[in-house]
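Report on the following structure.
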Amino acid sequence: MLDLSGRRIVCLGDVMLDRFLYGDASRLSPEAPVPVVRLGRTQSMAGGAGNVARNIAALGGLPALIGLVGEDAEATELDGLLGGAARLLRTPGRRTTVKLRVIAGRQQIVRVDDEVVSEASAAESDAIAATLAQVLAQADALILSDYGKGVLTPGVIALAIGAARARGIPVIADPKGRDFSRYAGAACLTPNARELAEASGLPVGSDAECEAAARAVMAEVAVDAVLATRSEKGMMLVCRDAPAVALPTMAREVFDVSGAGDTVIATLALSIAAGMDLEAAMRTANAAAGVVVGKLGTATCSAAELDHALREAEGATGEMLGWPAAQRLVQSWRDQGLVVGFANGVFDVLHAGHTRMLRAARGHCDRLVVALNADASVSRLKGPTRPMNPLADRVAVIAALASVDAVVAFEEDTPLEAILALRPDRLFKGADYRIDQVVGATEVASWGGRTELLELLPGRSTTGLLDRARG
């Protein structure tokens, strides 16, 4: 399993407070042609450079966040959200940036920005420099998270890059504006496609155009590499004197791209700090980005989710999740408001009936966990000649299915303990059962879930297929 934990990453940049209002919209307002959103819940989290720090922490890293805020209630709220990771410098007269998003169902309806953009004063720049000197000595990498709100002036950027390079610390910068020359000395820039087009003055639609634009920037700016994030087109890494490397997006479903760039730069910095080269670090960051764009809001990627995404990108390694990892992964899905489904079985001879049922199950939920009977359990239930394939082989086959998001195994004769451990929202079984015959149906209903009975292909019972093969 990939281990990015314990790496110390300093993040300097524009910190903001992200607020989300979640609700449902079923009608238009009689006052204007806009939806009426019935408020369900609210959520606040650190955004901008604060979200970069959140992503570092979610992956097990140790962030040290430096930013400017006002002397206001929003700054106090940010301090509470960030805890020990924050070194927020409060300034009289500065307003803490707040972004408010209203989301109905899974659709963002409107965003309202409450901000006043002002460059860091001489006194603020001195405070940043003093704080940076305190934390940089123990750092493994420095991130410059520029949202164009005034913290990263050319003077502050030059000071930060110079201090990091003097200590041999790599600098990764998420740039803003048309002039990338102020980031000279950074190891890597991570612009999105629009930002790269603006800085280079060139089109970036195709792979060839994107590479040409990145090389044009590198011809003018002393940086080692440009990693362009390209939304649904994935990423492209362009290094000096090396061929460009393009990766397609790894996202199955894109719900919200808010904060995806923060996830990329956080994962990239952690990966470089862990000793990866830039290409390997990009592949890791691409996997993390694929996780967060499948979530609503300013999201993060956990270590368990990243490990799962990387294994999935490799075409499934045949590994199954242990119970602590499975519980963490399911909880992270639940925290995102995703519907988690659960199916179980032997699956020792995979056939069309199985794949049809699992596809149908995935259509009723956002994430599907499949629990397999361990070999001893199968032998007790089916007789000494079963299973036909051992657990490791069965895991490899089931994990390779696009409809399956996670695989676990249980030793008991029934999956009840597994169901109680994961607490799924949907429990799936074939239509040859009645609800009252399904193990776990009562328990799932007790926490507000439900059991779905799925149609089967006629004559596609594994036992029947084996009986016919034998005789």
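Here are the numbers for the structure shown:
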read-out	value
Residues within the range 324-338 that are touching a strand residue (DSSP E or B) at 6+ places or on another chain (Cβ under 7 Å) and either assigned to a helix (DSSP H, G or I) or under 20 Å from V439 (Cα atoms) (or both), tallied	5
Residue list for the range 104-114, filter: of a type outside the set (V, I, T), loosely packed, with under 15 Cβ neighbours inside 10 Å and in a strand (DSSP E or B)	Q107, R111, D113, D114
Residue in the range 268-282 that is modelled with pLDDT under 85, open to solvent by less than 40 Å² (accessible area, probe 1.4 Å) and more than 11 Å from the chain's Cα centre (by Cα) present	no
Residue ID - surrounded by the most Cβ atoms within 10 Å (Cβ to Cβ), chosen from residues in the range 340-396 that are part of a helix (DSSP H, G or I) and acidic (D, E)	D375
Odd one out for A32, checked against (1) at pLDDT 95 or above; (2) more than 24 Å from V291 (Cα to Cα)	(1)
Some residue of the range 422-435 being assigned to a helix (DSSP H, G or I) and modelled with pLDDT of 90 or more	yes
So G162, is it open to solvent by 10 Å² or more (accessible area, probe 1.4 Å), farther than 21 Å from A285 by Cβ and in a loop (DSSP other than H, G, I, E, B)	no
L39 open to solvent by 50 Å² or more (accessible area, probe 1.4 Å) and in a helix (DSSP H, G or I)	no
Filter result (buried (at least 23 other Cβ atoms within 10 Å of the Cβ) and closer than 13 Å to A184 by Cα) within the range 138-155	L144
Residues being at pLDDT 80 or above and either aromatic (F, W, Y) or in contact with a helix residue (DSSP H, G or I) (Cβ under 7 Å, 6 or more places away or on another chain) (or both) - total across the range 232-264	15
One residue from R194, R182 being open to solvent by 40 Å² or more (accessible area, probe 1.4 Å) and either in a loop (DSSP other than H, G, I, E, B) or over 21 Å from S231 (Cα atoms) (or both)	R182
Pairs with Cβ under 7 Å, 6+ apart, first in the range 258-280 and under 15 Å from L306 (Cα atoms), second assigned to a helix (DSSP H, G or I) and open to solvent by 20 Å² or more (accessible area, probe 1.4 Å)	S271/A280
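Quick grid of which residues meet (1) more than 23 Å from K99 (Cβ to Cβ); (2) out of contact with any Leu (no Cβ under 9 Å at 6 or more places or on another chain); (3) at pLDDT 95 or above; (4) in a loop (DSSP other than H, G, I, E, B):
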site	(1), (2), (3), (4)
A133	yes, yes, no, no
Y147	no, yes, no, yes
G150	no, no, no, yes
A173	no, no, yes, no
K176	no, no, no, yes
L202	yes, no, yes, yes
A213	yes, no, yes, no
V223	yes, no, yes, yes
L227	yes, no, yes, no
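Matching residues to (1) outside any strand (DSSP E or B); (2) over 23 Å from T42 (Cα atoms); (3) modelled with pLDDT under 95:
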site	(1), (2), (3)
L81	yes, no, yes
R95	yes, no, yes
V98	no, no, no
V116	yes, yes, yes
E119	yes, yes, yes
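Residue by residue, here is whether (1) charged (D, E, K, R); (2) under 15 Å from A400 (Cα atoms); (3) modelled with pLDDT of 85 or more holds:
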residue: M320; (1), (2), (3): no, yes, no
residue: R334; (1), (2), (3): yes, no, no
residue: A343; (1), (2), (3): no, no, yes
residue: F347; (1), (2), (3): no, yes, yes
residue: C365; (1), (2), (3): no, no, yes
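The values are calculated or read from the model by the stated rules, or taken from the named source; none is laboratory data. Remember, predicted model here, so these are calculated numbers, not experimental data. For neighbour counting, all protein chains shown are included, and Cβ atoms are generated from backbone atoms with ideal geometry for every residue, glycine included. In case anyone asks, the SASA skips ligands and DNA or RNA and just uses the protein heavy atoms, side chains included. Shrake-Rupley method; radii C 1.70, N 1.55, O 1.52, S 1.80 Å.
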